[in-house]
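The structure appears right after this line, and notes come after that.
Just so it is clear, none of the values below were taken in a lab; they were calculated from the coordinates. Computed from a predicted model, the values in this text were never measured in an experiment. Please note: Cβ atoms are built from the backbone with ideal geometry, for glycine as well, and neighbour counts cover all protein chains shown.
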Amino acid sequence: MEDNSSERASCYVPDPVYTFLFPPEDVQLFCIICHDSDLFLPWTDLYSKDTDPALLPCGHVFGSECLDVWLETHDTCPVCRFKLEYELCKHPIRPRWLTRENVLFVPPTLPEGGTVAAQCGPCKRGTEQRVASELCMELAERYCERKARYEQTGWETDRKKMVKAREDLERLTEVLTRSEDLQW
Ligand SMILES: [Zn+2]
Ligand SMILES: [Zn+2]
Ligand SMILES: [Zn+2]
């Protein structure tokens, strides 16, 4: 009978991920597609060999070359069959190529409590921009109404409402620039 605990250890991204930088001798990470290449982190400019680890949201890592070839004909993880497709826009979820420079900035994997967004990055930004411009029009309209009303009445309560509307409008741009996230 096959002992698959070593297989498990060899294809899940190590936790903590910077274990890659200081591999202990008892953790052998190798590409489970070809069962041949040992995986270790490259520098960004020494890139694209089968020893370069590529990570999927399910937490599985493979040699980037082998995974590329696999993904030409499949849309699932070679180990757990996790479907690599965004639910809403149906675009493929791309693997993250791990390097010494980016390894600490990849989103957490699903077993680590990470999440997959409903849409890919470009689709999500498109939706956000549409929503934002609609909201912006709404807030701008409200500000104009309140400004007109204050100019009519000169009341302090109307001045406060006008100031509040202007602040809401200004805050919108702040919120939008903050939407950088750590999702797949
Ligand atoms: Zn391989
Ligand atoms: Zn998987
Ligand atoms: Zn998309």
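Some points to look at:
- When Cys31, Cys80, Cys11 are arranged by Cβ crowding within 10 Å, least crowded first, meaning fewest neighbours, the order is Cys80, Cys11, Cys31.
- A cut-off of 5 Å between modelled amide H atoms, ignoring neighbours fewer than 5 places along the same chain, links Thr99 with no other residue.
- Under-5 Å amide H pairs with Glu85, H placed in peptide plane, nonlocal only: Ile93
- Total lysine pairs under 18 Å (Cα atoms) in the chain, excluding pairs fewer than 8 apart on one chain: 4
- When the Gaussian network model of the chain links Cα atoms closer than 10 Å, the mean-square fluctuations of His91, His60, His35 top out at His35.
- Tilt relative to the chain, helix 64-73 - C-alpha long axis, 0 to 90 degrees, to 10: 80
- Cleavage-rule hits (GluC sites (Glu not before Pro)) in the stretch 52-89: DSSP loop, at most 11 neighbouring Cβ within 10 angstrom: Glu87
- Of the trypsin sites (Lys or Arg not before Pro) in the stretch 92-184, the ones in a loop by DSSP (not H, G, I, E or B) with at most 12 other beta carbons within 10 Å are Arg178.
- With an a/c value of 1.5 or above and a/b larger than b/c for the gyration tensor axes a ≥ b ≥ c computed over the alpha-carbon atoms, the chain is described as prolate.
- A Gaussian network model of the chain, with springs between Cα atoms under 10 Å, assigns the largest mean-square fluctuation among Gln152, Gln129, Gln28 to Gln152.
- The stretch 121-177, relative contact order in percent, only Cα pairs under 8 angstrom and at least six apart counted: 38
- A DSSP coil position with no more than 16 other Cβ atoms inside 10 Å describes the following chymotrypsin sites (Phe, Trp or Tyr not before Pro) in the stretch 16-94: Phe40, Trp43, Tyr47.
- For Phe30, the amide hydrogen comes within under 5 Å of the amide hydrogens of Leu39, counting only partners 5 or more places away or on other chains and with H modelled in the peptide plane.
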